[in-house]
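Colleague: Before I ask anything, here is the structure I am working with.
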Amino acid sequence: MKNLFFMLIAGIVSLFIFSCDSEVIEEDRIENVSDLSAKNKMEPAVISINEENLFPEGIEYDQRDDRFLVSSITRGTIGQVKDGVYSEFIKDPDLFASLGLHIDNSTKRLLVVNSNIDGTLSALAAYELSSGERIFYADLDEWEEGPQFANDVTVDNKGMAYVTDSYAGIIYQVDKEGNSSVFYKDEELAPTPGNIGINGIDYDPRGYLLVSHLETNRIIRIPIDNPEKFSEVNIPVDMYSPDGIYLKNPNELLVVSNGGGGENAVVHTFKTRDRWKSAILEDAFSTSATFPTTVTVKGNTPYVLYSYLHILLSEGSQDEFQIVKVD
C-alpha cells in the first residue's frame, strides 16, 4: 500500500484530519482483504481446461488481471484461463515447446522457457505481461555443445533470471536486456543419460536459489554469491520425482512431485527454521495419477497444475487438464 503524506498546516486540526483519513484507509484495507479472502473461498476447487492435447507444463497466476497463465509443450503458445475460460494469450512462431513460466512483478514481464525435449533447443523469452508483446529472445544453445533442455526459470530481486538445464546440469543467467551467460555448471547436477536432473527453481530473497533435482529426489540450496557451496536440503519425507517448486515466503516452500504419472504424485508443503538447511513437513496433498508439474499461488491459496504428461509420453491423447486448489 502506498504511504500517504499530509502537510501539517494547522496543528491540532490537521492531526485530527490525518487521524480520520487514516481510519478510513485502514477500514478500506480491512474490507479489501476480507473481500479477497471471501473471493478465494468461493473459487471452484477444480478449474478445467478443455483444450485437446494442450499438455500445459508451467503455470503462473497474474494478480493484476486475475488470470492463470499456462504454457504448452505441444503448441508452444501461452494461454490464459480467466473466469474459467481458456483463450490464447501469446502466439510466437519462435516458441516450440513452452515450459516454465515466471512473472517478474518488478518489471511487469512474463518469462517463458522454450525447449525441445530432444536436446536441440534451449531459450528464454520475455514478454510484456499486459500486452504479450515480445521484449527479448535469449538463445541459450551457445553455452553447451551437448544436449540441452531448459526447463524452469526464476528471477532475483535485481531482475536477473536463472534458468535450469535438466540435461546439462547448468543454471543459466539472463539479464533484463536478454544477455545470457552460465551462472553455474556442475556434473553433479547433471542426470544420467536419458533422465531429468535439475528442474524447478525459485529464489530466496536471503540470497539463495532453491532447485529440485528430479532424478535423485532432492531439493538443492545454492548460494548466489558462492554457488560451489551448494548443499542438499534435509527433507524429512520421500519425494517421487520433484518437479516444480514455489517459495510462498522465505520459510515456506511448495514442492510438486509428479510421481512419473503414478499414484505417488503429491504436493508437499515444507517450512524451515534454518534457511533451508533442513525442512519440516507441514502438509501433503495427493493428486493421484495426473502428472502434476508445478504450482502457483492466488492470494494465499496454492493451485497445482494437472498436466497428464504421462499420456503424452505414451503417445496418447488428452482433452481436459485441470488447475486444482490445494486444500
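Colleague: Take the residues of segment 271-327 that are over 16 Å from the mean Cα position of the chain (by Cα) and of a type in the set (K, R): which is surrounded by the fewest Cβ atoms within 10 Å (Cβ to Cβ)?
Modeller: The qualifying residue surrounded by the fewest Cβ atoms within 10 Å (Cβ to Cβ) is R273.
Colleague: Taking segment 196-255 on its own, how many of its residues are of a type outside the set (S, T, Y), within 17 Å of K271 (Cβ to Cβ) and touching a residue at least 24 places away in the same chain (Cβ under 8 Å)?
Modeller: Result for segment 196-255: 22.
Colleague: Does any residue of segment 117-130 turn out to be among the small types (G, A, S), touching a helix residue (DSSP H, G or I) at 6+ places or on another chain (Cβ under 7 Å) and assigned by TED's automatic domain parsing to the domain that holds P205? Steps first, please.
Modeller: Of the residues in segment 117-130, the ones among the small types (G, A, S) are 119, 122-123, 125-126, 130.
Remaining after also requiring touching a helix residue (DSSP H, G or I) at 6+ places or on another chain (Cβ under 7 Å): 122.
Narrowing further to those that are assigned by TED's automatic domain parsing to the domain that holds P205: 122.
Yes - at least one qualifying residue is present in segment 117-130.
Colleague: Filter segment 288-310 down to the residues that are of a type outside the set (S, T, Y), under 13 Å from E57 (Cβ atoms) and free of Cβ contacts under 8 Å to residues at least 60 places away in the same chain and list them by number.
Modeller: Pass one, segment 288-310, residues of a type outside the set (S, T, Y): 289, 291-292, 295, 297-300, 302, 304-305, 309-310.
Add one more test, that the residue is under 13 Å from E57 (Cβ atoms), and what stays is 291-292, 295, 304-305, 309-310.
Those that are of a type outside the set (S, T, Y), under 13 Å from E57 (Cβ atoms) and free of Cβ contacts under 8 Å to residues at least 60 places away in the same chain: F291, P292, V304, H310.
Colleague: Tell me which strands (runs of 3 or more DSSP E) are completely within segment 179-292 and hold 1 or more residues being of a type in the set (D, E) and in the same structural domain as S307 (by TED's automatic domain parsing), or say none if there are none.
Modeller: Ranges flagged: 198-204, 242-249, 252-257, 280-286.
Colleague: Now for a different question. So, of the residues in segment 200-251 that are under 26 Å from I103 (Cα atoms) and basic (K, R), which turns out to be nearest to the chain's Cα centre (by Cα)?
Modeller: The selected residue is K248.
Colleague: Identify, please: which residue in segment 143-167 is in contact (Cβ under 8 Å) with a residue 12 or more places away in the chain and more than 20 Å from the chain's Cα centre (by Cα) and is, among those, surrounded by the most Cβ atoms within 10 Å (Cβ to Cβ)? Working first, answer last.
Modeller: Let us first name the residues in segment 143-167 that are in contact (Cβ under 8 Å) with a residue 12 or more places away in the chain, namely 143-144, 146-157, 159-167.
Filter once more, keeping what is more than 20 Å from the chain's Cα centre (by Cα): 143-144, 146-148.
Working: W143: 16, E144: 18, G146: 8, P147: 16, Q148: 23.
Filtering segment 143-167 for residues that are in contact (Cβ under 8 Å) with a residue 12 or more places away in the chain and more than 20 Å from the chain's Cα centre (by Cα), the one surrounded by the most Cβ atoms within 10 Å (Cβ to Cβ) comes out as Q148.
Colleague: Report, by residue number, each residue of segment 168-178 that is more than 18 Å from the chain's Cα centre (by Cα) and either in a strand (DSSP E or B) or crowded, with 23+ Cβ neighbours inside 10 Å (or both).
Modeller: Within segment 168-178, A168, I170 qualify.
Per-residue answers, yes or no, for (1) surrounded by fewer than 19 Cβ atoms within 10 Å (Cβ to Cβ); (2) at positive phi; (3) touching a residue at least 60 places away in the same chain (Cβ under 8 Å); (4) hydrophobic (A, V, I, L, M, F, W, C):
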residue: Y61; (1), (2), (3), (4): no, no, yes, no
residue: R67; (1), (2), (3), (4): no, no, no, no
residue: R75; (1), (2), (3), (4): no, no, no, no
residue: I78; (1), (2), (3), (4): no, no, no, yes
residue: E88; (1), (2), (3), (4): yes, no, no, no
residue: F96; (1), (2), (3), (4): yes, no, no, yes
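Colleague: Something else: Any idea which of (1) more than 16 Å from the chain's Cα centre (by Cα); (2) under 26 Å from K82 (Cβ atoms) is the one L254 doesn't satisfy?
Modeller: (1)
The values are calculated or read from the model by the stated rules, or taken from the named source; none is laboratory data. Just so we're clear, the structure is a prediction, and the values are computed from it rather than from any experiment. Ideal geometry is used to build each Cβ from the backbone, glycine not excepted, and the neighbour counts take in all protein chains shown.
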